[in-house]
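The values are calculated or read from the model by the stated rules, or taken from the named source; none is laboratory data. In this text the structure is predicted, and so the values were computed from the model without any measurement. Heads up, the Cβs are rebuilt from the backbone with ideal geometry, glycines too, and the neighbour counts pull from every protein chain shown. Surface accessibility is based on the protein's heavy atoms, side chains included, excluding ligands, DNA and RNA. Shrake-Rupley method; radii C 1.70, N 1.55, O 1.52, S 1.80 Å.
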Amino acid sequence: TLLLITSLILPSCGGKRINPEPISIGSYSDDYYGNAIEIPFKKQGGVRTIQVKINDCAEFPMIFDTGCSGVSISILELATLLKHGYVSEDDVIGITQAQIADGSVVEEAVVNLRKLQIGDYVCNNVIATISENGSAPLLLGNGALKNVESFSVDDDSMVIKFYLK
């Protein structure tokens with residue numbers, strides 16, 4: 001299975017995904033949206049990383065990337081999930097084409113992640129692309145925020161507030 005998936009993979013997070021879900025981005029007070037979840041983050045090299053649990057496996061640090069329409073993990077994380085039974089052949093969707101930041105179009109393998117958990121926030125059935133680069137950063141884009149109406153970032157408190165629909 002891993003060999004098959006590996007042979008289908010090309011890198012990176014692009015601007016076009018399988019059925020990306022739009023989200024509103026903005027800063028709203030807790031009084032406006034009563035359902036807010038605070039997620040702590042770390043800043044590393046100018047980017048915000050948050051801990052994300054995939055399919056009830058161990059947590060992985062992912063870059064919170066609102067410029068990315070989907071979720072991207074590397075072949076190494078996929079191998080870990082496959083090895084321990086957290087992803088199965090039934091979760092493999094196939095291949096899609098995506099336009100990456102430089103404008104070129106690449107083919108990427110895609111899998112369904114049955115459950116992503118970020119603190120108390122849970123999102124089910126998230127489409128993720130797989131990067132063949134084992135050292136590629138894991139990216140958490142808008143595809144994982146299906147139930148989030150908006151969010152705000154507080155760099156002083158080092159938290160991201162998700163305001164739920």
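Pull up the stretch 116-127, narrow it to residues that are free of Cβ contacts under 8 Å to residues at least 60 places away in the same chain and open to solvent by less than 50 Å² (accessible area, probe 1.4 Å), then point me to the one that is nearest to the chain's Cα centre (by Cα).
Selected residue: VAL126.
What tally of residues in the stretch 114-136 results from selecting those that are out of contact with any Phe, Trp or Tyr (no Cβ under 9 Å at 6 or more places or on another chain) and either assigned to a strand (DSSP E or B) or modelled with pLDDT of 90 or more (or both)? Matching residues across the stretch 114-136 total 13. Picking from residues in the stretch 25-43 that are among the hydroxyl-bearing types (Ser, Thr, Tyr) and within 15 Å of ILE160 (Cα to Cα), the one that is modelled with the highest pLDDT is TYR33.
Would you call SER12 at pLDDT below 90 and of a type outside the set (A, V, I, L, M, F, W, C)?
Values: at pLDDT below 90: yes; of a type outside the set (A, V, I, L, M, F, W, C): yes.
In short, yes.
Name every residue in the stretch 57-76 that is open to solvent by less than 30 Å² (accessible area, probe 1.4 Å) and in contact (Cβ under 8 Å) with a residue 40 or more places away in the chain, in order of residue number.
PHE60, MET62, PHE64, CYS68, SER69, GLY70, VAL71, SER72, ILE73, SER74, ILE75 - these are the residues of the stretch 57-76 that are open to solvent by less than 30 Å² (accessible area, probe 1.4 Å) and in contact (Cβ under 8 Å) with a residue 40 or more places away in the chain.
Name the single residue, out of those in the stretch 137-147 being outside any strand (DSSP E or B) and either in contact with a Pro (Cβ under 6 Å, 6 or more places away or on another chain) or open to solvent by 10 Å² or more (accessible area, probe 1.4 Å) (or both), that is nearest to PHE162 (Cα to Cα).
In the first step, residues of the stretch 137-147 are kept if they are outside any strand (DSSP E or B); the result is 137-138, 141-147.
From what's left, either in contact with a Pro (Cβ under 6 Å, 6 or more places away or on another chain) or open to solvent by 10 Å² or more (accessible area, probe 1.4 Å) (or both): 137-138, 142-143, 146-147.
Details: PRO137: 22, LEU138: 20, ASN142: 12, GLY143: 14, LYS146: 11, ASN147: 9 Å.
Only one residue tops the list, namely ASN147.
Pairs are defined by a Cβ separation below 7 Å, a sequence spacing of at least 6 or placement on different chains, a first member in the stretch 89-115 that is open to solvent by 30 Å² or more (accessible area, probe 1.4 Å), and a second member that is of a type in the set (S, T, N, Q) and not in a strand (DSSP E or B); the pairs so defined are GLU89/THR1; ILE100/SER12; ARG114/ASN55; LYS115/ASN55.
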